[in-house]
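Each reported figure results from applying straightforward, stated rules to the coordinates on display, with no laboratory input. Just so you know, these numbers come straight off a predicted model, no measurement behind them. No Cβ is skipped: glycine too gets one built from the backbone with ideal geometry, and neighbour counts run over all protein chains shown.
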Amino acid sequence: VIDAATSESDFDLAELRRRPISIYVAVNQNQLTTLAPLLGLFFQQCVDVLGRDLPGPDEPHQVLLLIDEFAALGRLAVIESAMAFLAGYGVRLVNIIQGLSQLDHLYGQSRDSILQNSSVQVFFAANDEATTRYIASRLGTKTIRTASRSDPGGFGWATKTSGYASRDLMLPEEVRQLKKTQQIVFKEGARPARAKKILYFRDRALKRRLMPPAPVPSLDLTERRTSPPWNGIPLPNSTSPADDTGTTAANLTRTDEHSALKEVEAMGLEIVSLMAEESEADTCLARDDLSALLQEDLGR
């Protein structure tokens with residue numbers, strides 16, 4: 001399946017800033033861990049291509065690189081380092097995680113670097129302690145007026161005193177109790193804000209932009225399952241001289257093909273894979289040897 005999905009492409013990452021393009025990479029939840037290395041490679045290529053040169057006059061568009069379930073992909077060193085400079089290359093990066101404890105687990109002390117390079121941070125109601133403490137500490141404190149009353153008892157007079165004290169703007173337990181319709185936003189150079197969430201199905205502008213899912217073409221795996229192991233290796237054509245038995249590649253029957261296939265399978269696919277590591281001259285020699293071997297088997 002991976003071979004079929006990655007064998008060809010109808011888009012070029014170098015075109016992302018030149019014309020409007022939307023690329024969706026969707027993976028089933030139960031396959032996320034298995035395909036994490038492949039997804040990491042894709043984002044590595046995005047950063048390499050987009051961070052190679054500054055945007056030119058023919059690249060007017062900015063790129064939004066949105067990674068949902070960011071922590072599920074494991075530690076992405078390329079994203080960690082690219083967050084510091086991608087904005088200068090016209091790329092905005094959005095990482096979505098369940099809580100800061102995930103960043104602590106994967107990135108350790110580098111978590112602070114990731115947060116510092118995030119000019120806008122949006123938090124919903126959080127359950128893990130690391131996130132609630134971070135939000136409470138970043139919100140800062142406020143000054144409140146306090147009042148106390150003393151009752152000496154007996155026939156004495158009761159007294160009241162008032163004063164001022166510092167208090168967290170929101171305590172960690174208050175962060176946990178944040179309503180589902182609310183969010184806390186931190187923006188570089190601005191005060192924190194508690195705002196309402198924008199729900200796309202209730203927002204007119206977003207509803208107008210809502211489109212049905214794009215059709216996903218099915219992958220034809222039949223050819224890859226049935227293609228012989230020597231696929232890509234040119235066999236002698238009909239004009240090839242016959243061997244001692246008078247058999248040529250053009251005269252292969254289904255029975256002969258099956259016999260040759262069994263022979264190559266018995267030899268193992270290592271013959272084909274090793275050829276990729278050889279030089280061009282060695283590869284041509286290996287192809288001739290393999291063709292001769294097939295003809296010799298068919299001749300027997």
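Straight-line cross-link partners of K196 among the lysines, defined as a Cα under 16 Å from its Cα and at least 8 positions apart when in the same chain: K179, K180, K187.
If you take the beta carbon distance between E129 and L199 as r and set R0 to 22 Å, what does 1/(1 + (r/R0)^6) give as a FRET efficiency, to the nearest 0.05?
Once rounded, the FRET efficiency stands at 0.20.
The protection proxy used here, the mean number of other Cβ atoms lying within 10 Å of each residue, ranks peptides 177-183, 76-82 as follows, highest first: 76-82, 177-183. How high is the FRET efficiency from A77 to V216, r the C-beta distance, R0 35 Å, rounded to 0.05? Between A77 and V216 the formula returns 0.70. On the beta carbon distance between H105 and I2, with R0 = 25 Å, the FRET formula returns roughly 0.35. Length available on full extension from Q44 to V122: 0.36 nm per residue minus the Cα-Cα distance, which gives 25.6 nm. Annotation: amide H of D168 within the under-5 Å range of K142, sequence separation 5 or more or interchain, hydrogens built in the peptide plane.
Karplus-derived 3J(HN,Hα) values for the range 58-71, using 6.51 cos²θ - 1.76 cosθ + 1.60 with θ = phi - 60°, are 8, 10, x, 9, 8, 10, 9, 9, 9, 10, 7, 6, 4, 5 Hz; glycine and proline are entered as x. Between the alpha-carbon centres of the range 110-178 and the range 1-53 there is a gap of 44 Å.
Extending 7 Å from the Cα toward the beta-carbon at both R176 and T34 defines two label points whose distance is 3.7 nm. A simple packing score, the average count of other Cβ atoms within 10 Å per residue, orders the peptides 209-218, 34-43 as 34-43, 209-218, with the highest score first.
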